[in-house]
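Down below is the structure, laid out as structure tokens.
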Amino acid sequence: AMTAGEPPADGASVGGDFRIENEVFVAGDKEPRIRSTTIFQGGVVYDYLEEPAEVTIFDPQHGRFVLLDSTRRITTELTTQRVLEFTDRLKQWAQGQSDPFLRFLGDPQFDKESDETSNELSFNSPRMSYRLTTLDVEKEAVWRQYREFSDWYCRLNTMLNPGARPPFARLAVNSALEEGQRFPRTVHLTIKPDEGLLKKRLTVRSEHRLIGQLVESDRKRVAQTDQFLAMYTSVDFREYQRKMAH
């Protein structure tokens, strides 16, 4: 049976266990489109999506993602290498397009501004802007693990969802967050394409609540996920994806 990986022996997990509650709102929505909980335990990250009921496990020690579909009781595994190869190809493709917005998405450049007093960060460009309110994080283990997970999850998301935005803009934002040792409490993304594929202006807001330690129910949830992992049928990624489409 597969397990999601033993806790690292090098002490990387000491003081590094925490949880994040996430909500994503589109435009003026009152209710979030996406709700998820991300648990960081022993160097492994468990991301629980409420609807559809899916779990993404990120195991950086072993360079892999494990995906669980609780409804169909199947699981699949993807190496981070494969995800990286996909996003590298996507980058080359986007940079070769005639559509200026797609080219921008392949290699986004932003003007960065930060306001120390209000802990706000902004990333501006004519086509896309981010505005963040952030939290100073003392623990290196927290912002380092969050950055690593967030980067990889962004890349994975692009691979799992055909037509999703390329990850490169968010990767630039994550890099600046880590430089300042900051955690994003709210992220406002505005997309302002001038012409071409996506004519509509789009705004997305995500809210993230950092809980600095795990409680018993978090640890139980992770233990149960590891049990499911051993019980579910393992399928290859293409089959997992094909079934997702229905």
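The values are calculated or read from the model by the stated rules, or taken from the named source; none is laboratory data. What you see is a predicted model; the values in this text were computed from it and never measured. Cβ sites come from the backbone with ideal geometry, for glycine too, and all protein chains shown count toward neighbours. Surface accessibility is based on the protein's heavy atoms, side chains included, excluding ligands, DNA and RNA. Shrake-Rupley method; radii C 1.70, N 1.55, O 1.52, S 1.80 Å.
Restricting segment 127-162 to GluC sites (Glu not before Pro) that sit in a DSSP loop and have at most 10 other Cβ atoms within 10 Å of their own Cβ leaves 138.
Sorting the segments 215-225, 77-87, 59-69 by their residues' average number of neighbouring beta-carbon atoms within 10 angstrom, most packed first, yields 59-69, 77-87, 215-225. Take every Cα pair under 8 Å in segment 24-63 that's 6+ residues apart, average their separations, divide by the length, and report that relative contact order as a whole percent. Over segment 24-63, the number comes to 27 percent. Length gained on full extension, residue 228 to residue 31, computed as 0.36 nm times the residue gap minus the Cα-Cα distance: 67.9 nm.
Assuming a ≥ b ≥ c are the square roots of the Cα gyration tensor eigenvalues, decide whether the chain counts as rounded (a/c under 1.5), prolate (otherwise, with a/b larger than b/c) or oblate. Taking the square roots of the gyration eigenvalues as a ≥ b ≥ c, the chain is oblate.
Short-range pairs are left out: with C-alpha atoms under 8 Å and at least six residues apart, the relative contact order of the chain is 23 percent. Peptides 102-109, 168-175 ranked from most to least packed give 168-175, 102-109, packing being the mean of other C-beta atoms within 10 angstrom over each peptide's residues. For the chain, what % of the accessible area comes from carbon and sulfur atoms, probe 1.4 Å? For the chain, the apolar C and S fraction of the accessible surface comes to 48 percent.
About the centre of its Cα atoms, the chain shows a dipole size close to 880 debye [charges on the beta carbon of Lys, Arg (+1) and Asp, Glu (-1) only; nearest 20 debye]. Pairs spanning more than 26 Å between alpha-carbon atoms, out of 112/200; 30/91; 30/220; 30/112: 30/91; 30/220; 30/112. Using just its DSSP H runs of length 4 or more, each adding -39500 (n - 2.57), the chain gives a mean residue ellipticity at 222 nm of -10500 deg cm²/dmol after division by all residues.
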